């Protein structure tokens, strides 16, 4: 009877499947979650580029322009962010102007104005002030010119990552120069 039991292979495939199923499900969800997180990360990068580019195209900005930039940049994160106050990305647009008194005037400048949409993401540094010195990793400044800097942070949280590791703070910075003027003045009417 014992030899007959060893030769009977009818349930082997079911047992092997039962042993491999948890591993296969884990791999499947891992691939799906990683793909979604990478797509969201790419959207955050695109969002920073879009915000900086839209502001760089104007001679003067106003409150409505900056609000429209925030709204346009936010739509890039669909379906992760669908509007409203919940899960809103943090967007900071900063104009850095040439500073002749700086030790390295081509790699640093002074903050002329800042507009920030508060959201769930965390930027580094957490805040900037008018007059602060910003240092770039390469020479971006020209005499009497400026650089627009868009910083974006978004807390990505899917049901799986929220349960296992919590939300992921995704950030990106984008730098560009104004296209029509040397320096874009502070938004008329202030920041939204």
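Coordinate-derived values only; no laboratory data. Bear in mind that the values here come from a model prediction, so they are computed numbers and not experimental data.
Remarks
- Antiparallel %, DSSP beta bridges [both residues in the chain], to 5: 95 percent
- Only DSSP H runs of four or more residues enter the estimate; each adds -39500 (n - 2.57), and after division by the residues of the chain the mean residue ellipticity at 222 nm equals -12500 deg cm²/dmol.
- One decimal place: the segment residue 101-residue 182 gains 27.3 nm when fully extended, by the rule 0.36 nm per residue minus the C-alpha distance.
- Between the helical axis of 12-56 and the longest alpha-carbon principal axis of the chain there is an angle of about 10 degrees.
- Candidates 18, 48, 153: whichever shows maximal mean-square fluctuation once the chain is modelled as a Gaussian network with Cα springs under 10 Å: 18
- Over the range 10-176, Cα pairs under 8 Å with separation of 6+ residues give a relative contact order of 25 percent.
- Relative compactness, the chain, computed as alpha-carbon Rg over 2.2 N^0.38 Å: 1.54
- The chain: angle of helix 63-75 to the longest principal axis, Cα-based, in degrees nearest 10: 20 degrees
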